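The values are calculated or read from the model by the stated rules, or taken from the named source; none is laboratory data. Note that the structure is a prediction, hence the values are computed from the model and not measured. A quick note on method: Cβ atoms are made from the backbone with ideal geometry, for glycine too, and the neighbour counts reach across all protein chains shown.
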Amino acid sequence: MPEAANVKSLFGRIAHRYDLANRVLSGGIDLYWRARLVASVRRLHPAQILDLATGSGDVALALSRSLGPETHIVGMDFCAPMLEKAELKKSAARPGLHRNVTFELGDGLALPLPDASFDAVTIAFGLRNMADRARCLSEMRRVLKPGGTLHLLEFSQPARWFRPLYTWHLNHLCPWLAGLLTRERFAYDYLSESIARFPDRDGLSAEIRAAGFESVTAHPFTLGIVALHQAKR
């Protein structure tokens, strides 16, 4: 698993072009994936949400727009430059639109939050970068209220027939494009490698259950490239 200091440094270096790189490398489909995550949360009407590994705040701010001002959302990340981008997005929105969102610095392996304090925890493309996935899952479960829900959006392993093309895209096209956009090609070499090594839907579901979650489900999108896992404490 990745070293925490290296991951923090990596995301700090690419923060200024992170959103642009996401749009280009995914062909814009990452917006659809995040929208599905938000829709899964909206159906449950949670009052308190933690968006872990919030990065530049896309999910936290989308949750705010979708669920409205009565829902309190904490966006947490351990990379300060990414949180600065999130704050800029929040301040650029219509005055008062995201007053229910707070961004806080915090480590997913030791959340500075009390037990049983959230109705839902979301994490989009962040678990893969944790130095200890089991510990992060355990921390997310700890801060959930009994009956609270985990909504975990992450890369997965695609359909077998599509895998050779997808592997070429990850290993060659993505780092090359990312190098042009961010001047940090080696950062995206790491990200491509982390995606290739990540468990498939069944493997990640087993890890979620091992952390003590129940009612684990997984919904694949885009030929299995991405999966939305949901579970209850």
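Name every residue in region 84-125 that is surrounded by 23 or more Cβ atoms within 10 Å (Cβ to Cβ) and part of a strand (DSSP E or B), in order of residue number. Hits for region 84-125 are 101, 103, 118, 120, 121, 122, 123, 124. Could you list, in sequence order, the residues of region 191-215 that are touching a Pro at 6+ places or on another chain (Cβ under 7 Å), crowded, with 18+ Cβ neighbours inside 10 Å and over 17 Å from residue 151 (Cα atoms)? 192 - this is the single residue of region 191-215 that is touching a Pro at 6+ places or on another chain (Cβ under 7 Å), crowded, with 18+ Cβ neighbours inside 10 Å and over 17 Å from residue 151 (Cα atoms).
Given the condition under 22 Å from residue 208 (Cα atoms), among the acidic types (Asp, Glu), surrounded by 14 or more Cβ atoms within 10 Å (Cβ to Cβ) and at pLDDT 95 or above, answer yes or no: does some residue in region 41-52 qualify? Yes - at least one qualifying residue is present in region 41-52.
For region 181-219, enumerate the residues that are under 18 Å from the mean Cα position of the chain (by Cα), outside any helix (DSSP H, G or I) and at pLDDT below 95. The answer is 198, 199, 200.
Exactly one residue among 154, 70 is over 15 Å from residue 41 (Cα atoms), among the acidic types (Asp, Glu) and either out of contact with any Cys (no Cβ under 8 Å at 6 or more places or on another chain) or not in a helix (DSSP H, G or I) (or both), and that residue is 154.
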